[in-house]
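Each remark here refers to the structure printed beneath this line.
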Amino acid sequence: MLTALVALIGLFVAAYLALYKAGYIGVLACGTGGCETVQLSKWSTLFGISVATWGVGYYALVFGLAFAATTERFGAVKQIPLVLAVLTGWGVAFSAWLTYLELFVIHAICRYCVVSAVIAVLLFVLAFLDWRVSSRSSRTDP
Amino acid sequence: MEAKKTKTKAVAKAAKSGNNRPFYVAVGVLLVAGIATLSYMSSQNKSISYTDSIVTPIPNTGHVMGSDSALVEVVEFGDFECGVCGSFATLTEPDVRARLVMTGQIRFRFMDNPLSGHRYTWPAHMAAWCAGEQGKFWEMHDAIFQNQDRWVRPRPEKVLANLAQSVGVGMEQYDACMSSGKYRAQIQANMEEGQRRGVGGTPTFFFGRKVIPTIVNYDTFKANVDSLLKEAKAAAPKKK
């Protein structure tokens with residue numbers, strides 16, 4: 001449950017940046033100007049789509065899976081915790097790469113990207129713990 | 001054993017259906033709050049605002065391109081380390097200069113607004129002023145924006161000096177100017193003028209009383225100039 005809530009927060013952070021990138025939000029409430037430097041760098045786009053939009057897709061997927069796991073219909077599906085753990089692990093790796101780019105290549109820090117990175121780590125920790133609990137319980141089941 | 005399994009499933013089912021209400025409420029609250037926040041932020045993008053007409057014209061600071069007799073003046077508060085300002089300078093400004101400044105329709109003023117979060121921006125602003133001392137401000141302005149990827153890094157002075165040299169600035173005078181920091185107060189004064197006018201980020205453009213605190217493409221720029229010219233032309237006969 002907590003995983004779904006945290007993913008939802010991440011979804012809104014990513015949506016904010018994606019809306020900025022698409023031109024719907026004029027100025028990022030960043031304060032330092034670093035957000036715009038990052039968002040307008042060549043690294044802010046991947047395969048022709050803004051990284052923020054990929055982020056929206058990623059968080060929506062994590063939210064969808066985590067939410068499904070709370071329902072009666074999909075709650076018993078043992079693969080969901082494993083898929084979530086793998087997916088969020090990949091999210092942490094991708095966030096680490098983006099943070100490296102900000103610090104050592106772009107030389108600017110976007111505070112929303114930092115928030116997103118923290119959320120990505122939190123999601124991984126939650127998903128990993130959830131997966132461990134579910135795999136233990138499935139082992140103890142007769 | 002089968003009975004135990006059924007019991008476990010039933011307990012899980014009850015837990016999922018019964019205890020989930022707070023979770024669904026939290027999801028609902030988050031959804032509403034998130035959507036409301038995003039809607040509010042996008043509505044702020046109308047970011048176009050109007051200053052009080054009592055605000056006095058910007059004093060003759062910064063750097064100006066264009067004719068004194070141009071009917072209107074457009075002012076940009078910019079930061080050399082700001083990527084968006086760089087995008088404007090390299091993508092839109094060439095058109096603005098060719099079609100609006102050089103044709104005598106507008107005067108374009110660049111005001112320094114180095115943002116506090118940009119670590120390397122001050123040397124760039126100083127370098128532009130030092131180049132300006134030798135009549136090369138705009139050449140240096142362009143070189144600085146076009147080469148942000150080269151000098152936005154620790155110890156940018158050397159790259160900035162190379163840029164100054166490449167645009168034809170005399171290096172002896174440039175070096176002396178940079179070491180003296182003589183234009184620091186002038187840059188600071190520009191920043192204070194920006195603060196007085198409520199400039200928060202960069203770039204911020206002033207089309208007369210109209211403020212656009214974000215990057216604009218050429219069409220938007222031109223549309224704003226046209227309406228400003230219309231106002232200026234309408235007001236001109238009254239003054240006579």
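The values are calculated or read from the model by the stated rules, or taken from the named source; none is laboratory data. Since the structure is predicted, the reported quantities are computational estimates derived from the model, not experimental observations. Note that each Cβ is placed from the backbone with ideal geometry, even for glycine, and that neighbours are counted across all protein chains shown.
Side notes on the structure shown:
- Flag for A:ALA108 being surrounded by 21 or more Cβ atoms within 10 Å (Cβ to Cβ) and assigned to a loop (DSSP other than H, G, I, E, B): yes
- The residue that is nearest to B:THR220 (Cα to Cα), among those in segment B:184-203 that are in contact with a helix residue (DSSP H, G or I) (Cβ under 7 Å, 6 or more places away or on another chain) and not in a helix (DSSP H, G or I), is B:PRO203.
- Only listed residue being charged (D, E, K, R) and modelled with pLDDT under 80, chosen from A:LYS78, A:LYS42: A:LYS42
- In this entry, B:GLY200 is excluded by the filter for residues that are closer than 23 Å to B:ARG99 by Cα, under 26 Å from the mean Cα position of the chain (by Cα), in the same structural domain as B:PHE137 (by TED's automatic domain parsing) and of a type in the set (Gly, Ala, Ser).
- Restricted to segment B:100-162, the set of helices (runs of 4 or more DSSP H) holding at least 2 residues that are crowded, with 19+ Cβ neighbours inside 10 Å and touching a Pro at 6+ places or on another chain (Cβ under 7 Å) comprises B:121-132.
- The residue that is modelled with the lowest pLDDT, counting only those in segment B:42-94 that are surrounded by 21 or more Cβ atoms within 10 Å (Cβ to Cβ) and charged (D, E, K, R), is B:GLU81.
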